[in-house]
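Novice: Questions regarding the structure given below will be posed in turn.
The values are calculated or read from the model by the stated rules, or taken from the named source; none is laboratory data. Here the structure is a predicted model, which is why all the values come from computation and not from measurement. Cβ: placed from backbone, ideal geometry, glycine included. Neighbour counts: every protein chain shown. These accessible areas exclude ligands, DNA and RNA; they are computed on the full protein's heavy atoms, side chains included. Shrake-Rupley method; radii C 1.70, N 1.55, O 1.52, S 1.80 Å.
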Amino acid sequence: EDKVVQSPLSLVVHEGDTVTLNCSYEVTNFRSLLWYKQEKKAPTFLFMLTSSGIEKKSGRLSSILDKKELFSILNITATQTGDSAVYLCAVGGLGDYKLSFGAGTTVTVRA
Amino acid sequence: ETGVTQTPRHLVMGMTNKKSLKCEQHLGHNAMYWYKQSAKKPLELMFVYSLEERVENNSVPSRFSPECPNSSHLFLHLHTLQPEDSALYLCASSPFLSRAKEAFFGQGTRLTVV
């Protein structure tokens, strides 16, 4: 059975801090790893990673995948209160439409 | 707004009630999905439709019954639910089944079963 574990479960930081979120996985026939941001209700797509060692960046967010050690990290630098959300990691394995999600990391950024 | 609209946003129902959740997208997507998100648990894929045909039924109890009358609309019919079915139900759509990773999610329906 596919397994996706995110850590920490939650964290509280102050504006300007840097946060690092972790996602480890065990999945059959790994295809890709995705990060989503869930504010209020609808998850919104952040990154898709398929290759090891290649950093993806979008503004203050960046992510990298290690296919040997089976994990990914999501970094947020110079955090703002608008970064407060649940960050979800999902892994696509056997069957393109089957995404296995982690339980998420709740990030709270205090002013 | 992601282009995927779910109604109602909140629903409280008794265990003997029958209700339906609705999902609508006008993105021209051919694949639609129902997910369940319980508190502090991972999203669980419930049903997948591609071109109005169901392609996945993830051992979901029969008290949940999906319907996809056309590629723009997806329903989840609910009857005789249990309190443990209380959760956020998320609908998503993607251009094709093979592009599930590009899914857009709706805002969800927060369901409470009393």
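Novice: How many residues does the stretch B:3-34 hold that are open to solvent by less than 30 Å² (accessible area, probe 1.4 Å), touching a residue at least 60 places away in the same chain (Cβ under 8 Å) and not small (Gly, Ala, Ser)?
Specialist: Total meeting the criteria: 10.
Novice: Could I ask something else about it? Need a quick list: strands (runs of 3 or more DSSP E) entirely within the stretch B:67-114 having at least 1 residues that are within 12 Å of chain A (Cβ to nearest Cβ), within 18 Å of residue B:53 (Cβ to Cβ) and under 15 Å from the mean Cα position of the chain (by Cα). If you could, list the steps in order and put the result at the bottom.
Specialist: On the way: elements: B:73-79, B:87-94, B:109-113.
Output list reads B:87-94.
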